[in-house]
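Enquirer: So that we are looking at the same thing, I have put the structure below in structure tokens.
Values quoted throughout were computed directly from the atomic coordinates according to the rules given, and no laboratory measurement underlies them. Nothing here was measured: the structure is a model prediction, and the numbers come from that model. A quick note on method: Cβ atoms are made from the backbone with ideal geometry, for glycine too, and the neighbour counts reach across all protein chains shown.
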């Protein structure tokens, strides 16, 4: 780490502690003995979403959460559970070092997670995600649950 006072390339860490989503480090320059603070954060790669029509847009966590919230309205699903779904998706692609995610794949992950949490929310999300156009589609999705039990 370069010293902001003298420009020397080496410093030692005198203190290190977590601060929000970063790590705060107190450093001391080996040459001039000047002290300064740095913050270390994890760099998450930019995730692009490939839409069904072939276009791309940047992943928007808030847009994902908004879509999930429309499915869980008046259901016993907590904000923490919705946040965990969004975290899971972000971490899944970051850990796999993928920079492009098909929207269909993201939707499948959300459906899988909602299926574990609340069947009604799952059906609601599936109705929008799979673009149900008739009652038969709803019945087929609900029948899946009945067959599993």
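Enquirer: Expected output is a single nm value to one decimal: the length gained when fully extending between residue 31 and residue 78, i.e. 0.36 nm times separation in residues minus the C-alpha distance. What is it?
Expert: Details: separation 47, 0.36 × 47 = 16.92 nm, distance 5.31 nm.
Separation in residues times 0.36 nm, less the Cα-Cα distance, equals 11.6 nm.
Enquirer: Now for a different question. When the Cα atoms of the chain are enclosed in a convex hull and the volume is divided per residue, what value in Å³ results?
Expert: Values: hull volume 23.7 nm³, N = 149.
Each residue corresponds to 159 Å³ of Cα convex hull volume.
Enquirer: Take the alpha carbon gyration tensor of the range 37-125, find the square roots of its eigenvalues, order them as a ≥ b ≥ c, and report rounded if a/c is under 1.5; if not, report prolate when a/b exceeds b/c, else oblate.
Expert: Details: a/c = 2.27, a/b = 1.38, b/c = 1.64.
Since a/c reaches 1.5 but b/c is at least a/b, the shape of the range 37-125 is classed as oblate.
Enquirer: Let me ask another. Just want the ordering: 112, 105, from fewest to most Cβ atoms lying within 10 Å of their own Cβ. Don't skip to the end; give the middle numbers.
Expert: Numbers: 112 12, 105 16.
The fewest-first ordering by Cβ neighbours comes to 112, 105.
Enquirer: Where is the GNM fluctuation largest for the chain (alpha-carbon springs, 10 angstrom cutoff): 54, 67, 34?
Expert: The residue with the greatest mean-square fluctuation here is 34.
Enquirer: Between 38, 99, 78, where does the largest GNM mean-square fluctuation fall for the chain, given springs only between Cα atoms within less than 10 Å?
Expert: Top of the fluctuation ranking is 38.
Enquirer: Once label points are set 7 Å from the Cα along Cα→Cβ at both residue 116 and residue 9, what is their separation, rounded to one decimal in nm?
Expert: 4.7 nm
Enquirer: So how far apart, in nm, are the two label points at residue 131 and residue 48 if each is 7 Å from Cα heading toward Cβ?
Expert: The modelled label-to-label distance comes out at 2.3 nm.
Enquirer: Rounded, prolate or oblate: which fits the range 80-149 when a ≥ b ≥ c are the square roots of the eigenvalues of the alpha-carbon gyration tensor, with rounded for a/c under 1.5 and prolate only if a/b beats b/c?
Expert: Numbers: a/c = 2.60, a/b = 1.80, b/c = 1.44.
Prolate is the answer for the range 80-149, as a/c is 1.5 or above and a/b outweighs b/c.
Enquirer: Still on this structure, please answer the following. How many angstrom lie between the Cα centre of the range 1-50 and the Cα centre of the range 95-137?
Expert: Spelled out, the Cα-based centre of one part sits 40 Å from the other.
Enquirer: Still on this structure: Rounded if a/c is under 1.5, else prolate if a/b beats b/c, else oblate: with a ≥ b ≥ c from the C-alpha gyration tensor eigenvalues square-rooted, which is the range 7-75? Numbers along the way, then the final one.
Expert: Numbers: a/c = 7.24, a/b = 2.45, b/c = 2.96.
Cα axes put the range 7-75 in the oblate bin.
Enquirer: Run lengths n ≥ 4 of DSSP H only: what is the helix-derived mean residue ellipticity at 222 nm for the chain, with -39500 (n - 2.57) per run over all residues, to the nearest 500?
Expert: On the way: 5 runs with 69 residues, N = 149.
Result for the chain, helices only: -15000 deg cm²/dmol.
Enquirer: Most fluctuating residue of 26, 75, 104 in a GNM of the chain with Cα springs under 10 Å: which is it?
Expert: Evaluated over the chain, the most mobile residue of the options is 26.
Enquirer: Can you put 122, 92 in order of Cβ neighbours within 10 angstrom, beginning with the fewest? Don't skip to the answer; put the middle values down first.
Expert: Working: 122 25, 92 14.
Listed from fewest to most nearby Cβ atoms, that is 92, 122.
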